[in-house]
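To start, the structure itself, in structure tokens.
The values are calculated or read from the model by the stated rules, or taken from the named source; none is laboratory data. All of these numbers come straight from a predicted model, not from anything done at the bench. Ideal geometry is used to build each Cβ from the backbone, glycine not excepted, and the neighbour counts take in all protein chains shown.
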Amino acid sequence: MWERLKGTAELPDVAAVQGYDLERGRDKLMLLDVVWRNGQPSYLIRFQGADFGKMHNRDCTGLFLDEVMAPAVRERGLKAYRAVVDRRIPAFTSTPVQNADGEAVHYERLLLPFTSTGQGVEHIHCMITLFTEENHSPFEVMRKGRSRVT
């Protein structure tokens, strides 16, 4: 979808995204606006799907991402968002987090950059997925989990 909307432009226009494109992944979707503060990009949560709410046990709409990201994924996660802003291309990351039982849970993000003025990345659409080898989604790991070195 991102490539199709981009066409020959450097970035796709966020206005070109259709409702049905968003509905397909609604529960796993987070929409962010890139807001520059003190010369650095910050990421204002404009919409969060049900899965993000389960991970954080609250509605984070209207908050900045760095205020709500789980400590286990914050540093690595913010680097990925910054790379998307700087490079103006999508990024995929997978961060292993360990739950209380020692099980590895993979926190995966697909970050898609968009513009509304053509002046760089102004919006990021993020698809978030959690999974384990047993193929279940333990949302509480993002509140209680620890970084896991692999």
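Output the number of residues of the range 95-122 satisfying the condition of being in contact with a Lys or Arg (Cβ under 8 Å, 6 or more places away or on another chain) and either in a strand (DSSP E or B) or of a type in the set (A, V, I, L, M, F, W, C) (or both). I'd like the intermediate steps shown before the answer.
Restricting attention to the range 95-122, the residues satisfying the condition of being in contact with a Lys or Arg (Cβ under 8 Å, 6 or more places away or on another chain) are 95-100, 104, 113, 120-121.
Those left that are additionally either in a strand (DSSP E or B) or of a type in the set (A, V, I, L, M, F, W, C) (or both): 95-98, 100, 104, 113, 121.
Within the range 95-122, residues that are in contact with a Lys or Arg (Cβ under 8 Å, 6 or more places away or on another chain) and either in a strand (DSSP E or B) or of a type in the set (A, V, I, L, M, F, W, C) (or both) number 8.
Given the structure, is T61 closer than 21 Å to R26 by Cβ, polar (S, T, N, Q) and surrounded by fewer than 19 Cβ atoms within 10 Å (Cβ to Cβ)? So that I can check it myself, show each step before the final result.
Working: closer than 21 Å to R26 by Cβ: yes; polar (S, T, N, Q): yes; surrounded by fewer than 19 Cβ atoms within 10 Å (Cβ to Cβ): yes.
So T61 fits the description; yes.
Regarding V73, is this residue modelled with pLDDT of 95 or more, surrounded by 13 or more Cβ atoms within 10 Å (Cβ to Cβ) and not aromatic (F, W, Y)? When the stated conditions are applied, V73 does not pass them.
Residues in the range 74-83: is at least one assigned to a helix (DSSP H, G or I) and of a type in the set (D, E)? Write out each step before concluding.
Going residue by residue through the range 74-83, those that are assigned to a helix (DSSP H, G or I) are 74-83.
Adding the requirement that they be of a type in the set (D, E) leaves 75.
Yes, because at least one residue in the range 74-83 is assigned to a helix (DSSP H, G or I) and of a type in the set (D, E).
Of the residues V85, V34, which single one is in contact with a Leu (Cβ under 9 Å, 6 or more places away or on another chain) and over 24 Å from F131 (Cα atoms)?
Numbers: V85 fails: in contact with a Leu (Cβ under 9 Å, 6 or more places away or on another chain).
Step by step, each of V85, V34 is checked, and only V34 is in contact with a Leu (Cβ under 9 Å, 6 or more places away or on another chain) and over 24 Å from F131 (Cα atoms).
Here T8 clears all of (1) out of contact with any helix residue (DSSP H, G or I) (no Cβ under 8 Å at 6 or more places or on another chain); (2) surrounded by 15 or more Cβ atoms within 10 Å (Cβ to Cβ) except the condition numbered (2).
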